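A quick write-up on the structure given underneath.
What follows is calculated from the coordinates using simple rules that are stated; it is not laboratory data. This one's a predicted model, so the numbers in the text were calculated from it and none came from an experiment. Cβ atoms come from the backbone with ideal geometry, glycine included; neighbour counts cover every protein chain shown.
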Amino acid sequence: MKSGSNLEKVLEAGHFAFTGELGPPRGTSADHVREKAAYLKGNVDAVNITDNQTAVVRMASWAASLILIQEGLEPNFQMVCRDRNRLAMQSDILGAYAHGIHNMLCLSGDHQKFGDHPNSKGVFDIDSMQLISMVKRMRDEGKFLGGAEIEEPPKIFIGAAANPFAEPFEWRVHRLAKKIEAGVDFIQTQCIYNMEKFREWIRQANDMGLTEKVYILAGVTPMKSVGMARYMKAKVPGMDVPDEVIKRLQGAGKGKVAEEGIKFACEQIEEFKEMKGVAGVHLMAIEWEHRVPEIAERAKVLPRPEVD
Amino acid sequence: MIVAKRKPFEEIKNLLKDYKKVLNVGCGTCVAVCLVGGEKEVDVLNAELDMARKLEDNPIELGACTVERQCDREYLAELDDKVKDYDAVLSMACGVGVQFLAERFPDIPVFPAVDTSGLAVNQAVGWYEERCRSCSSCVLGLTGGICPVTMCAKGLYNGPCGGTNNGSCEVDIDQPCAWYMIYERLQRQGRLDVIKQLHQAVEWQNQVPRTLIQPGYKKPEE
Ligand code: SF4
Ligand code: SF4
């Protein structure tokens, strides 16, 4: 075991993993975090806690992660390269681990231009690839990036994101290979709507033997409305929403679009369970946490395994 | 070359509001080529300032002088006699030139008239694009001659990020994704292997003021 986190144990034991996501509040309410966490408890193996998602200031990811631990859930501490240099990152990792955080997701982060402080200085001292490599070094070699020894190194299960859809498509699988070389243990993909392209990407990853070296969790976000689908297609960088998906939602008729969105998500999850190279699903039901129990139930991923 | 753009007129006027005699010094090199701080621009700015101050009933006496290069000591000597007659200097050079003037004339205030914006190429008349952030450890040999430090909005060394959008950068549809271009160029040259390697964390060289002495000019060790 690299970290002994619940997520690692579930994956190691060969179970189909199911992870969730929680966005911390734009304020100090711990209750807000607890309320959202209650919907996820028992329904997922770990919960991603976003880090100033879309470059908007929120409660620190590590802090909300601690609230999750108090509530008996396992956090997946997200860290972006936009807001901290290598000193701050490493000290946060030490502190987070000291408080019982065992999973991390290493990301470049959305550009500050998208957020609520568009003219802030983006740090990007290191990039997501270098962050993965730094955490691995801290864990496996017990050394800081600068080379000094760490007393009691942090044992972190290292995650990263992958976008199977962005152009150049041929490069995507090589980028995955690069993250594996850097030291990633698990991958959570961008939300998948274009199943055909995803199947092709995972086939390439299988052919290159990459899926034997890393656990891939397929990203699923149920569409709540036609407007959301259109917005994601047009406005969210790196998102691939085929027209058929939008048509399918439109076809559902008034008042039934969200239901159709959940149905589509459940069908996807069924397919991922059977897909070679996919080790689980990462459900990003942002601001829809209260629907997670129902989705988990209908996707037949309950009860979640308990692994010692 | 170094490119710059003129500061908003109100800002310049405000910087000079307490001075009656100001020498406006242009620079004949980069900022003249990028049409912001050469002889012509000095005259235009002086005319505007003259007019504005007259309207405010607070006339200003303006001198004009454009030197070959404000970043080179040998061209500053000609200013020594002139500056004495003024109570402030306005420089239309890049930030380097402004500082070199301020250093040479420490007894009077030297104000900038332009905002220096970078090292750029000339794409067409009046159109400049930044290409280098002078990082002191050039990676162009690994990136197909395209600078990720400058051209990638996140300065990534292992791009592209997940936001790359059919060749555009996530921050702006009109801004090409540097890493998309790097990929295409290296693919064309059959050199994609270069970016399949992990580029390790950068040892930043530009976090303290840098001094450069070319090898042939170093003092021999005692
Ligand atoms: S890598 Fe970019 S910023 Fe650095 S020296 Fe080369 S061109 Fe300039
Ligand atoms: S889209 Fe391309 S240029 Fe823009 S931040 Fe990402 S990698 Fe850099």
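The set of residues in region A:154-182 being in contact (Cβ under 8 Å) with a residue 24 or more places away in the chain, in contact with a Gly (Cβ under 9 Å, 6 or more places away or on another chain) and facing chain B (nearest Cβ under 7 Å) consists of A:161, A:163, A:166. When residue B:122 is tested against (1) within 10 Å of ligand 1 (Cβ to nearest atom); (2) more than 13 Å from chain A (Cβ to nearest Cβ), only condition (1) is not met. Evaluating residue B:156 against the criteria (1) more than 29 Å from residue A:240 (Cα to Cα); (2) within 14 Å of ligand 1 (Cβ to nearest atom) leaves one unmet condition, (1).
Output the residue which, of all residues in region A:119-153 that are part of a loop (DSSP other than H, G, I, E, B) and at the interface with chain B (Cβ under 10 Å from one of its Cβ atoms), is nearest to residue B:183 (Cα to Cα). Show your work before the answer.
The initial filter retains those residues of region A:119-153 that are part of a loop (DSSP other than H, G, I, E, B), namely A:119-127, A:142, A:144-148, A:150-153.
Of the ones still in play, those that are also at the interface with chain B (Cβ under 10 Å from one of its Cβ atoms) are A:122-127, A:145-146.
On the way: A:122: 24, A:123: 24, A:124: 21, A:125: 22, A:126: 20, A:127: 18, A:145: 28, A:146: 30 Å.
Checked region A:119-153; the qualifying residue nearest to residue B:183 (Cα to Cα) is A:127.
Within region B:128-152, the set of residues being under 21 Å from residue B:34 (Cβ atoms), touching a residue at least 24 places away in the same chain (Cβ under 8 Å) and either more than 6 Å from ligand 1 (Cβ to nearest atom) or away from chain A (no Cβ under 14 Å) (or both) comprises B:128, B:130, B:134, B:147, B:151. Residues in region B:97-127 that are surrounded by fewer than 16 Cβ atoms within 10 Å (Cβ to Cβ) and β-branched (Val, Ile, Thr) were compared, and the one that is nearest to ligand 2 (Cβ to nearest atom) is B:121.
Residues that are closer than 19 Å to residue A:69 by Cβ, surrounded by fewer than 16 Cβ atoms within 10 Å (Cβ to Cβ) and in contact with a Lys or Arg (Cβ under 6 Å, 6 or more places away or on another chain) within region A:1-30 are absent altogether.
Count of region B:20-49 residues, restricted to those that are over 16 Å from residue B:8 (Cα atoms) and free of Cβ contacts under 8 Å to residues at least 24 places away in the same chain, is 2.
From the list A:202, A:180, A:216, the one residue that fits, being in a helix (DSSP H, G or I) and either within 15 Å of the chain's Cα centre (by Cα) or under 25 Å from residue A:75 (Cβ atoms) (or both), is A:180.
Taking the listed residues B:167, B:163, B:63, the one that is under 30 Å from residue B:185 (Cβ atoms) and surrounded by fewer than 20 Cβ atoms within 10 Å (Cβ to Cβ) is B:167, with no other qualifying. The number of residues in region B:159-200 that are under 27 Å from the mean Cα position of the chain (by Cα) and within 14 Å of ligand 1 (Cβ to nearest atom) comes to 5.
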